[in-house]
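**Student:** Encoded as structure tokens, here's the structure I'll be asking about.
The values are calculated or read from the model by the stated rules, or taken from the named source; none is laboratory data. The structure presented is a predicted model; accordingly, all values stated were derived computationally and were not measured. Please note: Cβ atoms are built from the backbone with ideal geometry, for glycine as well, and neighbour counts cover all protein chains shown.
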Amino acid sequence: MLKAAKLSLIIVSLAGYISAQDFAEKAIKKTFSATDGQMAPFISLENYKGFEIPAPSGFSVDQNKNSSETADPYVYLPISVKAVYEYEYTSSEFQGSKKVIVEYKGYSEKDSLTSASITYYNRNGQKTSDFTLKISNNGILASDTILAGARIEIPFPLFKGKEWTENSDKNRVSTFSAKASVPAGNFENCLKIITKIGGGDAGIAERYYAQNVGMVLENISAEDKQETLKLVSFKKK
């Protein structure tokens, strides 16, 4: 009890000469200096800004990039919008061109998923297959695509220089200022993704996404084939 009384007197005495904030700051610095000399220079109540609530677990942020360098992935692939895309599909594997229709049928917020379909038209009729666009921590995952099958359509987080590998294919976000000229029109400020097929040994692919539209152009130049997909029309339902 005597020690506690003496401590109280010391605190009251000190408080008469310095403010409560100064006293607390000095006490904290002294404590950290005694336990870890490296921590003391970083302790300052003047710079204290309170606690920050972390982002939800489903939201991916790249801590190594400034916000000015990142982009909204849903601007380049608006999967929550019901829409119909018509493409012109050419390939070295067949003569002429084919019409391909991609339809986004609806987005489920509960499942973070868009139901969609691909319909191929040729002389023998048409063939339709269903696929999905799923939101994951890694990006927007397409269970199927016209030229490349399943893949990460748009990566998370989305920023210039972003790189990722799928199987042996190396992908990179090249720019947000690409231009694409297709039957649907001339598009500027497009997201451009470059894929080195087989790490670059088997060819290269490029795809372009226009803001508030989606993919407008895709080119594949591989060892065994060359293919191109060009947007002809885009219509929201």
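**Student:** If I ask for residues that are within 16 Å of Ile101 (Cβ to Cβ), in contact with a Phe, Trp or Tyr (Cβ under 7 Å, 6 or more places away or on another chain) and surrounded by fewer than 16 Cβ atoms within 10 Å (Cβ to Cβ), which ones from the range 118-167 would you list?
**Tutor:** Residues satisfying the conditions are Gln126, Lys127.
**Student:** Right, next: Only one residue in Thr165, Thr128, Thr90, Thr119 is part of a strand (DSSP E or B), assigned by TED's automatic domain parsing to the domain that holds Lys225, within 17 Å of the chain's Cα centre (by Cα) and on the phi < 0 side of the Ramachandran plot. Which one? Spell out how you get there, then give the answer.
**Tutor:** Working: Thr128 fails: within 17 Å of the chain's Cα centre (by Cα); Thr90 fails: within 17 Å of the chain's Cα centre (by Cα); Thr119 fails: within 17 Å of the chain's Cα centre (by Cα).
The conditions single out Thr165.
**Student:** Give the residue, chosen from Asn219, Asn212, Asn186, Asn167, that is closer than 22 Å to Val232 by Cβ and out of contact with any strand residue (DSSP E or B) (no Cβ under 8 Å at 6 or more places or on another chain).
**Tutor:** Numbers: Asn219 fails: out of contact with any strand residue (DSSP E or B) (no Cβ under 8 Å at 6 or more places or on another chain); Asn186 fails: out of contact with any strand residue (DSSP E or B) (no Cβ under 8 Å at 6 or more places or on another chain); Asn167 fails: closer than 22 Å to Val232 by Cβ.
Exactly one residue qualifies, and that residue is Asn212.
**Student:** Inside the range 127-153, can you point out the residues that are in contact with an Asp or Glu (Cβ under 7 Å, 6 or more places away or on another chain) and farther than 20 Å from Val173 by Cα?
**Tutor:** Residues satisfying the conditions are Ser129, Phe131.
**Student:** Additional query: Please work out if Ala178 is within 26 Å of Glu69 (Cα to Cα) and hydrophobic (A, V, I, L, M, F, W, C).
**Tutor:** Values: within 26 Å of Glu69 (Cα to Cα): yes; hydrophobic (A, V, I, L, M, F, W, C): yes.
Against the criterion (within 26 Å of Glu69 (Cα to Cα) and hydrophobic (A, V, I, L, M, F, W, C)), Ala178 qualifies.
**Student:** Restricting the range 206-225 to residues that are surrounded by fewer than 14 Cβ atoms within 10 Å (Cβ to Cβ) and in contact (Cβ under 8 Å) with a residue 60 or more places away in the chain, which is farthest from Lys170 (Cα to Cα)? Talk me through it step by step, then tell me what you get.
**Tutor:** Step one: filter the range 206-225 for residues surrounded by fewer than 14 Cβ atoms within 10 Å (Cβ to Cβ), giving 212, 223-225.
Of the ones still in play, those that are also in contact (Cβ under 8 Å) with a residue 60 or more places away in the chain are 212, 225.
Working: Asn212: 26, Lys225: 19 Å.
For the range 206-225, the residue satisfying everything is Asn212.
**Student:** Okay, moving on. Condition first: of a type in the set (D, E, K, R) and over 13 Å from the mean Cα position of the chain (by Cα). Now tell me which residues in the range 168-180 satisfy that.
**Tutor:** From the range 168-180, those of a type in the set (D, E, K, R) are 169-170, 172, 179; that's our starting set.
Across the range 168-180, the qualifying residues are Asp169, Lys170, Lys179.
**Student:** Hey, could you check the range 85-104 for residues that are within 30 Å of Phe156 (Cβ to Cβ) and in contact with an Asp or Glu (Cβ under 9 Å, 6 or more places away or on another chain) and say which is surrounded by the most Cβ atoms within 10 Å (Cβ to Cβ)?
**Tutor:** The residue in question is Tyr87.
**Student:** Separate question: Report, by residue number, each residue of the range 194-205 that is in contact (Cβ under 8 Å) with a residue 24 or more places away in the chain and in a strand (DSSP E or B).
**Tutor:** Within the range 194-205, Thr195, Lys196, Ile197, Ala205 qualify.
**Student:** Do you know which residues across the range 131-162 are assigned to a loop (DSSP other than H, G, I, E, B) and among the small types (Gly, Ala, Ser)? Break it down into steps so the answer makes sense when it comes.
**Tutor:** Kept after step one, since they are assigned to a loop (DSSP other than H, G, I, E, B), are these residues of the range 131-162: 136-138, 143-150, 156-158, 160-162.
If the condition is that a residue be assigned to a loop (DSSP other than H, G, I, E, B) and among the small types (Gly, Ala, Ser), then Ser136, Ser143, Ala148, Gly149, Ala150, Gly161 are the ones that fit.
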